[in-house]
Amino acid sequence: MTAALNIAGDATPLPLVPPQLVTTQPLLRMEGIRRRFGEVEALGGVDAAVYPGEVLGIVGESGSGKSSLLRMMNLEDTPDAGSYHLAIPDHAGRNLFDLDRYQRRMLCARRIGIVYQNPHLGLLMGNSSSGNVAERLLIAGERSFATLRDKARAALDASEFPLPRMDAPPAQLSGGMQQRVQLAKAIALEPTLLLLDEPTTGLDVSVQALVLDTLKRLQQERRITMVLVSHDLGVIRTMADRVMVMRRGLVVEQGLVDQVFQDPQHPYTQQLVHAKL
Amino acid sequence: MSLASLTRPWAAMSYGFLDASARREIRRKLIKAVAVPGCQMPYASREVPMARGWGTGGLQATLTLVTPESVVKVIDQGADDSVNAASIRKFVTRVSGCAATWDTAAATLIQSRHRIPEERLRADQVLILQVPDPEPLRRVEPNISAARQMHADADYGRLWLTLYEQIVRKGRIMQGASYPSLVNGRHVITPSPIPRWDVPKLNMARHLTILSAGREKRIYAVPPHTRVEPLVFSDRPYQVEAHRGLTCARSGLGGFFMNEIPQADGGRIHEVSDSNLGIKAIRIAEGEDETIAETWYRNGEMQP
Amino acid sequence: MTEPILSVRGLTKRFRMHQIDTVLPTFDGISLDLAPGEFLLLKGRNGAGKSTLLRTLWRSYRPVAGQILYRARAGIIDLATAADIDVAHLRRTEIGFVTQFLTARPRVPAQDIVAEPLRLAGESAADARRAARHWLNEFGVREALWGAFPSTFSGGEQQKVNLARALIMPQRLLLLDEPTASLDAGARAALIRRLAELKAQGVAMIGVFHHPQDVEALIDREIDLTPDSPDTKAPDTKAPDTKERADVAL
């Protein structure tokens with residue numbers, strides 16, 4: 001029976017061609033990213049492109065290299081090989097991995113926002129929530145207390161953080177609120193690129209949904225380019241325009257989010273999608 | 001040829017107590033510190049006959065710079081006659097043969113704990129401040145390697161953040177002594193625990209200031225005519241202590257930094273913190289031949 | 001005759017299911033043309049691949065052979081091989097897909113869900129919302145529900161919201177996957193009015209309808225996707241059947 005169906009022929013989809021209609025250059029372009037940690041090849045030659053205003057989802061199991069790739073995008077780590085370009089003023093055509101530590105820090109502070117799964121990585125737990133947001137602005141050189149205050153308040157408000165608690169330390173807040181503080185900090189300077197590393201993992205389902213709502217609303221209102229890493233297909237499906245499926249340091253499949261979920265090609269993606277559905 | 005002919009004659013101790021190699025090292029680190037204003041230079045803080053934390057850093061800088069022609073003044077919180085100041089002054093004169101004075105204007109070398117004298121220092125004078133904790137980033141970054149990287153990157157956002165937090169929580173900046181200040185637009189220093197009153201005296205000063213921490217083994221400097229700017233928000237101006245309207249109960253001086261002295265009846269009186277300034281004022285009032293040099297503050301206002 | 005907006009040539013879709021090591025055929029070697037303003041009805045028994053064809057044109061499914069030549073404003077592009085970013089661009093600006101299922105996010109008011117395509121196209125929030133209210137009203141959604149979350153609506157009301165959203169932006173090509181299912185008579189009439197209006201503006205449409213009589217007045221042509229015989233459908237992979245089918249108009 002199976003054999004009978006099996007003769008139906010090749011099911012390899014037609015290969016895609018480079019963009020023809022969209023002439024905008026990708027905002028983010030990574031090529032040939034390789035990274036080895038001892039014996040383990042965390043990234044085995046990864047290419048990625050993200051267009052302005054787009055949300056790229058990256059899915060994969062633990063150890064697939066998705067978080068390593070995101071850390072590279074945030075210039076926290078340098079690969080053994082590969083290049084990274086952002087189409088932003090002053091840095092066009094420049095491999096960002098060649099920047100020195102100071103340049104990286106300034107670039108990250110001004111251009112890249114990040115929300116970590118673990119708020120301890122992104123927040124100073126003892127400082128006030130508004131102060132955590134203000135720090136970003138201080139690094140960028142803002143020296144007016146009133147402006148700091150206003151901008152921190154605006155960013156927290158945009159993240160739907162309850163303003164009466166804006167001066168409470170994150171240590172006293174719930175997980176969902178901590179993620180909102182991280183988000184406010186990330187968007188305070190209107191970043192070119194927003195990186196999200198499992199931003200809702202570990203939150204209650206209802207809280208997770210609310211945080212995703214906020215992210216989605218911000219994305220639509222401000223057309224922020226985002227890269228979202230998650231092992232949760234539901235999160236990716238809600239948020240992403242395109243998705244990249246990673247396994248063992250390689251991209252095994254990428255495509256429009258509905259296509260990857262409805263017509264997955266790679267055995268691993270099929271397994272992933274069917275396990276979830 | 002004997003071995004003795006190759007060595008120097010034995011002496012009970014080197015001039016100025018420190019041995020030649022220690023003085024040479026500190027001299028070199030001082031030159032570096034002057035060359036990169038505000039940058040902390042590590043040095044091999046030597047043993048001196050005094051406990052760490054009692055001014056050993058300042059003492060080593062003084063012992064390195066002292067010559068038989070030097071005139072040394074040592075103050076502790078503005079006073080020349082405190083036990084610690086007197087002991088250090090006595091030690092320095094004994095090991096170097098230099099002269100000692102209480103008069104700021106007469107001194108060439110001033111070692112101080114927590115104050116800068118009120119009389120304006122000249123280009124031929126050197127101020128040495130004792131520093132307990134030289135690292136302004138200590139409270140925001142306990143890891144010293146990370147803190148050094150932050151200095152290298154001029155990454156002072158977290159320091160500004162502490163000031164932000166103080167205003168948010170208390171309505172004003174609570175930092176009293178050791179007010180973090182940006183030197184030459186590049187390195188943030190802690191100006192040792194001098195009061196806010198004294199920080200403007202470092203800005204574009206005529207004299208050289210050396211800050212030395214013996215226990216922490218760091219030397220840094222504010223060379224003459226160098227900008228020293230306290231970290232402040234553009235809409236929250238820097239404020240010195242509100243001592244402008246206080247009057248010294250003993251000398252009658254006003255408009256200088258005061259010590260508060262609680263009274264048995266629950267009240268309080270004030271006494272000028274720069275004790276030699278007070279003494280001069282009393283002597284002038286008693287008709288003695290004494291002059292007070294130009295002061296940084298006049299009527300409680302910092303003079304340009 | 002005007003140039004076709006869509007020319008499908010030899011389009012073939014099969015699904016490979018790795019876990020059971022099987023390839024499932026759906027349709028093979030389909031060719032068709034569609035002119036602007038034309039309404040094409042897809043017919044065929046269940047499983048003939050009607051919805052699969054629509055989703056392949058929409059690129060939710062990736063075809064294994066053939067061409068989907070779409071005449072975009074900027075030129076002709078083969079949707080079978082177009083870059084993802086191009087397909088996403090066309091979905092935002094030129095091609096619409098109307099399904100019977102509402103896929104809107106929870107906790108977003110109905111009027112914002114409807115307004116979203118206009119917002120993404122760059123219209124102001126006020127204008128988009130005004131248009132959204134107009135279309136909600138057209139499809140018979142009570143005003144009291146405009147600010148409510150559609151996830152709490154009945155199936156019929158959800159479907160109306162969905163239609164208003166899908167049809168608010170004038171597209172150049174519409175793919176209709178049983179949009180009339182579960183609609184009440186009033187909404188169905190509104191839908192047909194809207195489709196007729198769009199058709200008159202030159203919007204090309206391909207649709208699957210349970211009850212084709214609903215849209216009878218709009219239909220220009222019909223195509224039956226039912227294979228002549230399932231047994232003869234097993235194709236020779238080396239030489240795919242390129243013979244044009246009798247029921248496919250060219």
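Compute the Cα gyration tensor for region B:131-220, then decide on rounded, prolate or oblate, letting a ≥ b ≥ c be the square roots of its eigenvalues: rounded whenever a/c is under 1.5, prolate when a/b is larger than b/c in the other cases, and oblate in all that remain. Please report the intermediate quantities before stating the final value.
Numbers: a/c = 1.58, a/b = 1.11, b/c = 1.42.
Oblate shape, in that a/c is at least 1.5 and b/c is the bigger or equal ratio.
Which residues in region B:61-90 have a backbone N closer than 13 Å to a point placed 7 Å from the Cα of B:Ile31 along the Cα-to-Cβ line?
From region B:61-90, the list is empty.
Rounded to the nearest 10 Å², what accessible area does A:Ser144 have for a 1.4 Å probe in the complete protein model?
20 Å²
Calculate for the protein assembly as shown the 222 nm mean residue ellipticity that helices alone would give, adding -39,500 (n - 2.57) per DSSP H run of length 4 or more and normalising by residue count, nearest 500 deg cm²/dmol.
Values: 24 runs with 258 residues, N = 831.
The per-residue figure over the protein assembly as shown is -9500 deg cm²/dmol.
Note down the nm distance, to one decimal, between modelled labels 7 Å out along Cα→Cβ at B:Glu294 and at B:Arg250.
Label-label distance for B:Glu294 and B:Arg250, simple model: 2.9 nm.
Run the quick spin-label model on A:Val207 and B:Gln239: label points 7 Å from Cα toward the beta carbon, then report their separation in nm to one decimal.
Result: 3.9 nm between the two label points.
Of all DSSP beta bridges in chain C, what percent run antiparallel (nearest 5)? Intermediate results must be reported in sequence, preceding the final value.
Details: 18 of 35 bridges.
Given both bridge residues lie in chain C, the antiparallel proportion sits at roughly 50 percent.
Work out, in µm²/s and without decimals, the Stokes-Einstein translational diffusion coefficient of region C:1-131 at 25 °C, 0.890 mPa s, Rh from Kirkwood over C-alpha pairs. Before the final figure, lay out the partial values.
On the way: Rh = 16.9 Å.
Translational D for this selection: 145 µm²/s.
At what distance in angstrom do the alpha carbon centres of region A:87-109 and region A:215-277 lie from each other?
Comparing the Cα centres of region A:87-109 and region A:215-277, I get a distance of 28 Å.
Which whole number gives the average, over all residues in C:13-22, of C-beta atoms from other chains lying within 10 Å of the residue C-beta?
6
So if a site counts as exposed when it's one of the trypsin sites (Lys or Arg not before Pro), its DSSP state isn't H, G, I, E or B, and it has at most 11 other Cβ atoms within 10 Å, what's the longest stretch of chain C without one?
Working: sites that count: C:Arg45, C:Arg73, C:Arg142, C:Lys238, C:Lys243.
In chain C, the maximal stretch lacking such sites is C:143-237.
Which order do you get for C:His89, C:His134 if you rank them by accessible area with a 1.4 Å probe, largest at the top? Mind showing how you got there, number by number?
Numbers: C:His89 55, C:His134 95 Å².
Result of the area sort, largest leading: C:His134, C:His89.
Determine which residues of region B:35-49 fall in the zone a paramagnetic label at B:Asn184 would reach in this model, i.e. backbone nitrogen under 16 Å from the point 7 Å along Cα→Cβ.
Residues B:35-42 fall inside that zone.
Could you give me the radius of gyration and the Dmax of region B:1-87, taking only the C-alpha atoms into account and expressing both in angstrom?
Expressed in Å, the Cα Rg and Dmax of region B:1-87 come to 16.0, 56.
Taking a ≥ b ≥ c as the square roots of the Cα gyration tensor eigenvalues, with a/c under 1.5 meaning rounded and otherwise prolate when a/b beats b/c, else oblate, which class fits region B:258-302? Don't skip to the end; give the middle numbers.
Values: a/c = 3.22, a/b = 1.54, b/c = 2.09.
Oblate, because a/c is 1.5 or more while a/b does not exceed b/c.
May I ask you to list the trypsin sites (Lys or Arg not before Pro) in region B:155-256 that are in a DSSP loop and have at most 11 other Cβ atoms within 10 Å of their Cβ? Intermediate results must be reported in sequence, preceding the final value.
On the way: sites: B:Arg158, B:Arg169, B:Lys170, B:Arg172, B:Arg186, B:Arg196, B:Lys201, B:Arg206, B:Arg215, B:Lys217, B:Arg218, B:Arg227, B:Arg244, B:Arg250; in loops: B:Arg172, B:Arg186, B:Arg206, B:Arg215, B:Lys217, B:Arg227, B:Arg244, B:Arg250.
Those satisfying the criteria are B:Arg172.
Please identify the chymotrypsin sites (Phe, Trp or Tyr not before Pro) of region B:1-37 that satisfy two criteria: DSSP loop assignment and at most 15 other Cβ atoms within 10 Å. Which are they?
Numbers: sites: B:Trp10, B:Tyr15, B:Phe17; in loops: B:Trp10, B:Tyr15.
Counting only loop positions with at most 15 other Cβ atoms within 10 Å, the chymotrypsin sites (Phe, Trp or Tyr not before Pro) in region B:1-37 are B:Trp10.
Averaged across the residues of B:154-167, what count of C-beta atoms belonging to other chains lies within 10 Å of each residue's C-beta?
Working: counts 1, 6, 2, 11, 6, 1, 10, 10, 2, 2, 12, 9, 0, 3.
Per residue, the average neighbour count from other chains is 5.
If you find the alpha carbon centre of region B:123-164 and of region C:114-190, how far apart are they in angstrom?
Computed from Cα coordinates, the inter-centre distance equals 61 Å.
Going by amide H atoms built from the backbone, whose H comes under 5 Å of the H on B:Cys39, apart from near neighbours?
Answer set, sorted by chain and number: B:Ala221.
What is the calculated FRET efficiency for B:Ala51 to B:Asp124, with r their C-beta to C-beta distance and R₀ = 45 Å, to the nearest 0.05? Kindly include the intermediate steps, with their values, before the conclusion.
Values: r = 32 Å, r/R0 = 0.72.
Plugging the Cβ-Cβ distance into 1/(1 + (r/R0)^6) gives 0.90.
Let me see the P(r) profile for the protein assembly as shown: every Cα-Cα distance counted, bins of 10 Å, each bin given as a percent of all pairs.
Per 10 Å bin, starting at zero, the Cα-Cα P(r) for the protein assembly as shown comes out as 2, 11, 16, 17, 14, 10, 9, 7, 6, 5, 3, 1, 0 percent.
In region B:25-115, which GluC sites (Glu not before Pro) are in a loop and have at most 11 other Cβ atoms within 10 Å, using DSSP for the loop call?
On the way: sites: B:Glu25, B:Glu47, B:Glu69; in loops: B:Glu47, B:Glu69.
Counting only loop positions with at most 11 other Cβ atoms within 10 Å, the GluC sites (Glu not before Pro) in region B:25-115 are B:Glu47, B:Glu69.
Using only Cα atoms, tell me the angle between helix C:125-138 and the longest principal axis of chain C; keep it within 0 to 90° and round to the nearest 10.
Between the helix axis and the principal axis of chain C, the angle is about 80 degrees.
Can you give the convex hull volume per residue for the Cα atoms of region C:51-107, as a whole number of Å³?
On the way: hull volume 5.7 nm³, N = 57.
So the per-residue hull volume is 99 Å³.
B:Tyr15 to B:Asp133: FRET efficiency via 1/(1 + (r/R0)^6), r the Cβ-Cβ distance, R0 35 Å, to the nearest 0.05? Don't skip to the end; give the middle numbers.
Working: r = 31 Å, r/R0 = 0.89.
Efficiency computed from Cβ-Cβ geometry: 0.65.
Rounded to a whole number of µm²/s, how large is the Stokes-Einstein D of chain A at 25 °C and 0.890 mPa s, given Rh as the Kirkwood radius over C-alpha pairs?
Numbers: Rh = 19.8 Å.
The diffusion coefficient I find is 124 µm²/s.
When a/c reaches 1.5 or more, the comparison of a/b and b/c decides; with that in mind, is chain B rounded, prolate or oblate per its Cα gyration tensor?
On the way: a/c = 2.03, a/b = 1.17, b/c = 1.73.
Since a/c reaches 1.5 but b/c is at least a/b, the shape of chain B is classed as oblate.
Can you quote the Å³ per residue value for the convex hull of the Cα atoms in chain C, rounded to an integer? Show your work: numbers first, answer last.
Working: hull volume 37.0 nm³, N = 250.
Hull volume over Cα atoms, normalised by residue count, gives 148 Å³.
What does DSSP give for chain B in terms of the percent of beta bridges that are antiparallel, rounded to the nearest 5?
Working: 24 of 40 bridges.
Among the beta bridges of chain B, antiparallel pairing accounts for roughly 60 percent.
Once R0 is set to 25 Å, what does the formula 1/(1 + (r/R0)^6) return for the Cβ-Cβ distance between A:Gln220 and A:Ala87, expressed as a FRET efficiency to the nearest 0.05? Don't skip to the end; give the middle numbers.
Values: r = 22 Å, r/R0 = 0.87.
The computed FRET efficiency comes out at 0.70.
Please list the helices of chain B that count as membrane-span-like by this rule: a mean Kyte-Doolittle hydropathy of at least -0.5 together with Cα atoms stretching 18 Å or more along the helix axis, each helix being a complete DSSP H run.
Numbers: long enough: B:20-35 (22 Å, -0.37); B:83-96 (20 Å, 0.34); B:157-170 (19 Å, -0.22).
The answer, listed by residue number, is B:20-35, B:83-96, B:157-170.
Rounded to whole Å, give me the distance from the Cα center of region B:96-115 to that of region B:247-304.
The distance from the Cα centre of region B:96-115 to that of region B:247-304 comes to 19 Å.
Counting DSSP beta bridges with both partners in the protein assembly as shown, what percentage is antiparallel, nearest 5? Mind dumping the intermediate values first?
Numbers: 61 of 111 bridges.
Bridges in the protein assembly as shown are about 55 percent antiparallel.
The values are calculated or read from the model by the stated rules, or taken from the named source; none is laboratory data. Just so it is clear, the structure is predicted and the values come from calculations on it, not from any experiment. With ideal geometry, Cβ positions are generated from the backbone for all residues, glycine too; neighbour counts draw on all protein chains shown. Note: accessible area is taken over every heavy atom of the protein model, side chains too, but ligands, DNA and RNA are not part of it. Shrake-Rupley method; radii C 1.70, N 1.55, O 1.52, S 1.80 Å.
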